[in-house]
Structure formats: C-alpha cells, structure tokens
Amino acid sequence: MASLRSFLRSGKNAVSVVLRREFSETSPAAVQVNVRDALNQAMDEELERDERVFLLGEEVAQYDGAYKVSRGLWKKYGDKRIIDTPITEMGFAGIAVGAAFAGLRPICEFMTWNFSMQAIDQVINSAAKTYYMSAGFQTVPIVFRGPNGSSAGVAAQHSQCFAAWYGHCPGLKVVSPWNSEDARGLLKAAIRDDNPVVFLENEMMYGVPFELSEEMMHKDFVIPIGKAKVERQGTHITLVSHSRCVGFCLDAAAVLAKEGVECEVVNLRTIRPLDVDTIEASVMKTGNLVTVEGGWPQYGVGAEICARIMEGPAFNYLDAPAVRVTGVDIPMPYAKILEDHSVPQIKDIIFSVKKVLNM
Amino acid sequence: VQNPPSPLLSLWPGGTRMVVSARSFADFTPQASFPIKKCDLHRLEEGPSDEALLTREQGLQYYRTMQTVRRMELKADQLYKQKIIRGFCHLYDGQEACAMGIEAGINPTDHLITAYRAHGYTFTRGVAVREILAELTGRRGGVAKGKGGSMHMYAKNFYGGNGIVGAQVPLGAGVALACQYQGNNQVCVTLYGDGAANQGQIFESFNMAALWKLPCIFICENNKFGMGTSVERSSASTDYYKRGDYIPGLKVDGMDVLCVREAIRFAADYCRAGKGPIVMELETYRYHGHSMSDPGVSYRTREEIQEVRTKNDPISMLKERMLSNNMSSVEELKEIDLEIRKVIEDAAQYAISDPEPSLDELCNHIYARDPPMEVRGTNPWVKLKSVS
C-alpha cells in the first residue's frame with residue numbers, strides 16, 4: 001500500500017523514470033528511500049564533505065538518535081563530530097550558535113521542536129538577528145532540526161507545530177520538507193547555507209518510502225531554499241500545503257479527480273522565505289485556493305498565504321474567498337478518536353474544496 | 001617591593017628633575033614588581049602569583065587604554081544627556097581594570113564575549129573610539145553601521161555585546177568548543193554580571209564546559225548590583241567564584257589591573273593545558289547607574305560611590321604605582337591625558353557629524369551570501385530591496 005501511495009505521489013517523477021528507462025541503455029539507479037534514511041544520508045554526506053559540520057543534540061550519538069535519524073553517524077565520525085548533550089536545550093542551543101559564530105557549521109537537533117521553546121531565545125535573538133545587528137559582520141551558519149507538529153498519541157505538550165512561530169521571524173530560513181526528495185535536498189541545502197535554518201521534519205513521515213532518482217542520489221543534489229514545488233498540475237483549484245499534509249492533498253486530489261475536479265497541489269517546501277510567486281501563478285491559473293496545514297489556524301501559515309493573496313495580483317483571479325484547512329484550535333488531546341479529529345483529514349480537504357467550488 | 005631608582009638618576013647632581021619633553025626614556029624606572037592581593041581559591045591548590053611585574057611600556061599602555069575607556073564613557077554620558085545618544089546605554093566607568101587586565105593577559109587570537117556593558121571591551125578588542133561613539137549615535141560610520149547600537153558591537157574574535165542577560169554564556173562556551181574542535185590552542189573569555197550569575201543557562205554551560213573540558217574562562221564581573229538589586233537580595237550564595245561548583249574558581253580584585261592580568265594569565269594557562277573551564281569572579285564597581293536611565297543612587301549612597309572613587313579607582317591606583325616608582329611623571333601622564341582628550345573630542349565630533357545610515361540600508365543584512373531579495377515594507381505597495 002505504501003508503495004502504491006508513493007507511486008501516486010511520485011506522479012511526474014514516476015513518469016520521467018519510466019521514460020528514462022526506455023531511452024537509456026543502462027537502468028537508472030532509482031531507489032526506494034524513506035525520509036529517515038534520506039535525512040541520514042544527507043547528514044552523512046555533508047559531514048564527509050565539510051569537516052566543520054558537526055551534529056549535537058540529545059541521544060544523537062550513542063543511541064543513534066531518538067528517532068534513529070542519526071543512526072550510524074557516531075560510529076563513523078566519533079565523539080568529536082557527533083555529540084551527545086545533556087538535557088539542557090537552552091545551553092546546548094546557545095553552545096551550537098556560539099560554535100557557528102566561531103567558524104563551525106553545527107547541526108543542532110531538538111528531539112522535538114516542542115523542546116525548542118526552552119531554547120527559543122538562542123534561536124531568535126542569538127542566531128536569527130545577529131547578521132543584521134552586526135551589519136553583515138557576523139554570520140551564523142547553523143541548522144536547527146528535529147520533528148515538528150503532530151505525532152501519534154503523544155498529547156498536547158509534544159504535538160505543537162512551530163512553522164508559524166519561526167516563520168514569523170526575519171533572519172531565519174524555515175524549511176518544511178514533505179518527502180524523501182525534499183528531506184535530502186533541503187537538508188543538504190540548509191547545511192550548506194550560511195544562514196540559520198530551522199528545519200521542520202515530521203516524525204510520521206520518517207518511515208515512509210519514496211523513490212529517489214539517480215540525480216537525486218547525487219551527493220551534490222540540493223533543492224533551493226525558498227522555492228515551492230508544484231507536485232500535481234491542476235486547473236480547478238490550488239491546494240497549498242507543507243510537510244505531511246502535502247500527502248493528504250495529493251490523496252484528496254486523487255479522489256476529487258474521479259469527480260472531475262483537477263487540483264493543483266503546491267508543496268511549499270520553504271515556509272520562510274515564502275515562494276509567493278509560485279502560489280500566485282497557481283491561483284491565477286485555477287482561480288481558487290485552499291491552504292492545508294497541521295498547525296493551529298490563528299496567525300498560521302495559511303493565514304499568511306491568504307493575506308498575501310489578498311494583497312497581490314492573484315486576488316483578482318479568485319472566484320471565491322480563499323480558505324484554510326488547519327488543525328483544530330485546541331491543545332492536542334490524547335484519546336485516538338479525539339486526536340484523529342484534531343488534525344486535518346483527507347475528507348476535510350475534499351469537503352473544503354467542494355465548498356469553495358460550490359459543489 | 002620596589003626596585004631601586006634607576007642608576008642613571010643618581011648621576012644627576014642633587015637629583016634635579018627635568019622638563020618632561022627633555023626627559024629621556026632612561027630616566028624612568030624600566031620595570032617594577034608589585035605585590036598584588038592574593039586570590040581566594042576554590043578547588044585550586046595554588047593560584048596566580050602574588051606579585052606582578054610591570055614594565056614602563058605596559059604601565060603606559062594600560063594607563064592610556066583605561067583612561068581612554070573612562071573618557072569615552074564619560075563622553076557617552078554627555079552625549080546621552082544631550083539626547084544625541086538614545087535608547088539603552090550601559091556605561092563601564094569604574095570597571096576599566098577588568099577589560100584592560102583581561103586583554104593584557106590573553107592574545108588577540110583568543111576570543112571574548114560579554115553582555116551589554118560592552119563599550120570597554122569593544123575598545124580593548126580593537127575597535128576605534130570613533131566607531132564606538134558613532135554606533136552609539138546611530139551613524140553609518142558606527143562599527144555596526146548604526147544598525148546594532150550600544151549592545152550589539154562586534155569585531156574579530158569579539159562576539160559582542162549581547163542584550164539578553166545570560167545568553168552570552170552558552171555562546172561563549174560554544175566559541176570555546178570551536179577552539180577545542182579546531183585544535184588552535186585558543187581560549188574564550190565569557191563574561192557575565194552578578195545579576196546574570198543566577199541564570200539557569202549559565203549552569204547548563206558550566207556543566208557542558210566541564211564535561212567536555214572546553215577552554216572557556218567564565219568571568220563574573222561582580223559590581224555588587226544587578227540593576228537596582230544588591231547581590232545580597234538576589235543570590236542565596238554571593239560567592240560567585242564558587243558557583244561553578246565542580247569547576248575551580250578564583251576571586252580577584254577587579255579594581256587592580258595587575259591582579260586581573262595575573263589571574264587571567266593563570267586561567268588561560270589552565271585552559272590551554274586542557275584542564276577544562278575555570279570560573280573567575282572580578283570584584284569591581286560601576287560609578288554610573290545600571291544604565292543612563294538609572295541615576296544609581298536609590299539603592300546605594302553617594303558616599304559609597306565617592307569612597308570607591310577616592311580609595312579604589314583603578315586608574316588612580318595604576319597612576320599612583322607608576323609615579324611612586326618613578327615609572328612615569330605627572331607631566332607625562334598629563335600629556336597622555338591631553339592626547340586622549342583630543343582623540344575623544346575628535347571621535348565625538350565624528351559621531352555627531354557623520355550622517356545617519358541611508359534608508360537603502362534598512363533591509364540589508366537579513367541573509368548572508370544570498371542573492372538580493374524583496375522585503376515587504378509597512379504596507380503592501382512598499383517593496384524594499386535587501387542585499388547581503
């Protein structure tokens with residue numbers, strides 16, 4: 001089932017792989033890689049490429065990572081480059097930023113982004129603002145990464161989405177990959193970027209496999225930060241999403257296609273800087289917009305997108321008001337039935353599309 | 001313990017003194033040894049030497065530097081009262097021996113980070129007075145082009161200037177980590193105040209620095225008040241040099257530049273030997289209030305401030321030592337004072353007359369090494385340009 005879903009998602013990619021099979025003599029080295037391994041390989045390659053890169057965080061070394069994202073790295077690179085920290089986020093995030101000040105390129109893992117709140121001052125005031133305050137003198141080439149947003153049964157304190165909070169702040173780049181291609185290309189780009197990057201993963205995507213082409217497996221494969229990707233072409237309505245919800249949008253699109261509604265699905269990939277041009281071009285083409293995110297509605301990613309559409313040229317192309325599909329505006333409950341109804345489901349997306357299209 | 005006067009002096013009949021301009025280098029005592037206050041030690045068998053050797057050159061350099069910082073801060077006070085400097089302005093006068101002593105005991109290739117009372121360190125770490133004052137007045141010639149202000153000045157191996165109390169301490173430990181990682185034998189001096197000393201993140205930094213043996217010298221500049229709260233009212237333990245617990249510490253007379261220098265040399269040697277971090281408490285005093293908006297007399301008496309000025313001023317102490325050991329003369333030091341006054345006046349003139357940053361600068365320096373991008377202005381029709 002997973003491979004069928006990933007085939008559906010691959011869409012254009014699967015087609016291009018098939019074409020290459022026909023035209024090339026040797027078979028392309030396309031492989032199935034899950035998001036966890038994509039992240040792992042990206043870090044491994046970047047650690048190898050640049051000796052200033054190192055990883056620190058709780059359980060990243062000898063435990064192989066709380067979610068096994070850093071599996072094998074400590075064994076390969078040792079104590080100097082893969083550092084287990086005590087449970088002191090504010091301290092080790094600050095240490096990571098200081099190391100970046102002094103010329104290293106740290107990857108600072110938060111076991112989940114919920115714990116980043118302990119350290120948020122270091123992310124914002126020490127990392128994000130420093131290049132500006134120093135008028136370009138002091139760079140901060142750091143990546144903060146970890147799983148973000150809802151998981152399964154971890155309840156309110158472990159389920160918050162931080163895309164809107166960090167996306168709010170100038171000086172940061174905020175990235176939210178969906179699939180393995182995103183995870184690999186964006187993490188490599190983030191590590192190579194000389195700016196502080198907030199890298200929002202999703203725990204529920206870690207185990208999901210996707211096909212990666214030979215080109216994507218190249219060690220210099222990077223995806224530009226700040227550029228959204230149209231995952232599925234469509235004509236009737238634009239669905240804009242990030243992270244795990246992109247998959248839900250594609251699933252919803254598949255269902256809607258049977259009813260003759262062709263959705264264009266835009267994968268933001270980057271929260272900040274937001275690729276407004278791609279969103280606008282899509283809305284100007286389809287005339288309708290639904291944003292889909294796991295986070296809370298108030299002051300969220302979708303709210304920003306709608307505001308930008310209002311303020312820009314795409315507004316005149318809207319046939320109906322743009323709407324948002326979001327997590328329910330409550331702390332995340334524990335019981336499965338409640339949790340399931342706290343996050344956007346495929347049926348919520350389908351319902352909203354039909355409302356917008358007046359079907 | 002004083003060296004005998006220069007043998008050359010005894011050649012002059014009657015010991016007549018000459019006018020300073022004709023006074024030759026050879027007339028002064030080239031160096032002298034001074035007893036310095038012994039440091040209180042925590043988890044250390046021995047501490048810094050209780051004697052400091054001062055050469056004439058060093059004495060003049062320390063005097064010049066401390067006097068420059070003093071005059072610069074007083075000029076900033078003046079400019080602030082004239083409303084030419086605005087916002088936050090935390091002055092360092094009284095604490096000069098700390099910044100000078102530290103700089104004298106480390107190398108330019110070592111690293112330093114401090115909190116917001118940073119003008120003195122900005123100077124000792126190599127930034128010209130005019131660039132500091134112009135930053136305070138918010139002009140394009142400021143060290144941060146007017147975009148940082150009092151609390152955000154940076155230089156090579158100097159990481160500010162930090163506005164959030166205590167946040168600089170993990171940052172400093174991180175710089176030390178980089179030194180260790182790169183194997184360059186450098187150390188990072190990480191400063192914080194008595195007010196910050198209770199911050200949790202400082203103890204987190206102590207833990208990791210000790211665990212990983214980072215070459216970090218944690219220094220608490222104890223000027224007895226965190227804003228208006230005395231140390232007795234803020235801290236269950238005011239032995240700040242012991243607060244590192246498992247980390248060795250020393251308590252240093254922060255008003256004596258030689259004491260500070262010997263202590264930092266000791267501490268730097270300790271760190272460079274790979275023994276891990278060390279904590280230092282510098283007992284010092286600020287003449288001004290916490291900032292320019294604090295008169296500084298609601299929580300302490302004018303008598304107390306005056307007493308420190310007369311009995312414990314760091315510049316006076318150095319001057320007294322040099323004069324009574326014939327390492328300089330009243331005239332020579334006066335000449336230095338005049339030179340400094342001119343430097344400060346010129347710098348102030350520059351800081352007042354230099355233009356403010358261009359509005360084109362507004363959105364620059366958001367991202368490093370990126371292509372130019374657009375930044376939203378205050379309304380959707382205003383699209384501003386940002387370059388790295």
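Remarks
- Test for residue A:284: is it farther than 15 Å from residue A:181 by Cβ, open to solvent by 40 Å² or more (accessible area, probe 1.4 Å) and touching a helix residue (DSSP H, G or I) at 6+ places or on another chain (Cβ under 9 Å): yes
- Total residues in segment B:186-227, condition within 25 Å of residue B:286 (Cβ to Cβ), touching an Asp or Glu at 6+ places or on another chain (Cβ under 9 Å) and polar (S, T, N, Q): 3
- Residue within segment A:296-303 that is over 27 Å from residue A:193 (Cβ atoms) and out of contact with any Gly (no Cβ under 6 Å at 6 or more places or on another chain) present: yes
- Taking segment A:288-359 and the helices (runs of 4 or more DSSP H) fully enclosed by it, the elements with 2 or more residues that are farther than 15 Å from residue A:151 by Cα and open to solvent by less than 40 Å² (accessible area, probe 1.4 Å) are at A:301-311, A:346-356.
- Unique match (being crowded, with 24+ Cβ neighbours inside 10 Å, of a type in the set (Val, Ile, Thr) and part of a helix (DSSP H, G or I)) among B:189, B:175: B:175
- Verdict on residue B:84 being open to solvent by less than 20 Å² (accessible area, probe 1.4 Å), modelled with pLDDT of 95 or more and among the β-branched types (Val, Ile, Thr): no
- The residue pairs whose first member lies in segment A:98-124 and is closer than 18 Å to residue A:83 by Cβ, whose second member is at pLDDT 95 or above and surrounded by fewer than 20 Cβ atoms within 10 Å (Cβ to Cβ), and whose beta carbons are closer than 6 Å, counting only pairs six or more residues apart or on different chains, are A:104/A:52; A:105/A:52; A:111/A:66.
- Subset of segment A:86-104 [at the interface with chain B (Cβ under 7 Å from one of its Cβ atoms) and open to solvent by 10 Å² or more (accessible area, probe 1.4 Å)]: A:86, A:88, A:90, A:101, A:102, A:103
- Scope segment B:51-75; condition within 16 Å of residue B:94 (Cβ to Cβ) and in a strand (DSSP E or B); matching residues: none
- Of residues in segment B:125-149 being buried (at least 22 other Cβ atoms within 10 Å of the Cβ) and within 14 Å of the chain's Cα centre (by Cα), the one farthest from residue B:345 (Cα to Cα): B:125
- Test result for residue A:268, under 30 Å from residue B:367 (Cβ atoms), touching a strand residue (DSSP E or B) at 6+ places or on another chain (Cβ under 6 Å) and surrounded by 15 or more Cβ atoms within 10 Å (Cβ to Cβ): no
- Screening residue B:101 with (1) within 14 Å of chain A (Cβ to nearest Cβ); (2) surrounded by 23 or more Cβ atoms within 10 Å (Cβ to Cβ); (3) of a type outside the set (Val, Ile, Thr) gives one miss only, at (1).
- Across segment B:319-369, the number of residues qualifying as within 14 Å of chain A (Cβ to nearest Cβ) and not β-branched (Val, Ile, Thr) comes to 12.
- Of all residues making up segment A:44-74, the number that are assigned to a loop (DSSP other than H, G, I, E, B) and not basic (Lys, Arg): 15
- Complete set of residues in segment B:10-56 that are of a type in the set (Lys, Arg), at pLDDT 95 or above, open to solvent by 80 Å² or more (accessible area, probe 1.4 Å) and within 20 Å of residue B:324 (Cα to Cα): B:37
- Check on residue B:141, more than 8 Å from chain A (Cβ to nearest Cβ), within 29 Å of residue B:356 (Cβ to Cβ) and either assigned to a loop (DSSP other than H, G, I, E, B) or not hydrophobic (A, V, I, L, M, F, W, C) (or both): yes
- Screening residue B:375 on (1) open to solvent by less than 50 Å² (accessible area, probe 1.4 Å); (2) β-branched (Val, Ile, Thr); (3) assigned to a loop (DSSP other than H, G, I, E, B) shows it passes everything except condition (3).
The values are calculated or read from the model by the stated rules, or taken from the named source; none is laboratory data. Quick caveat, the model's predicted, so the values are computed rather than measured. Heads up, the Cβs are rebuilt from the backbone with ideal geometry, glycines too, and the neighbour counts pull from every protein chain shown. All accessible areas refer to the heavy atoms of the entire protein, side chains included, with ligands and DNA or RNA removed. Shrake-Rupley method; radii C 1.70, N 1.55, O 1.52, S 1.80 Å.
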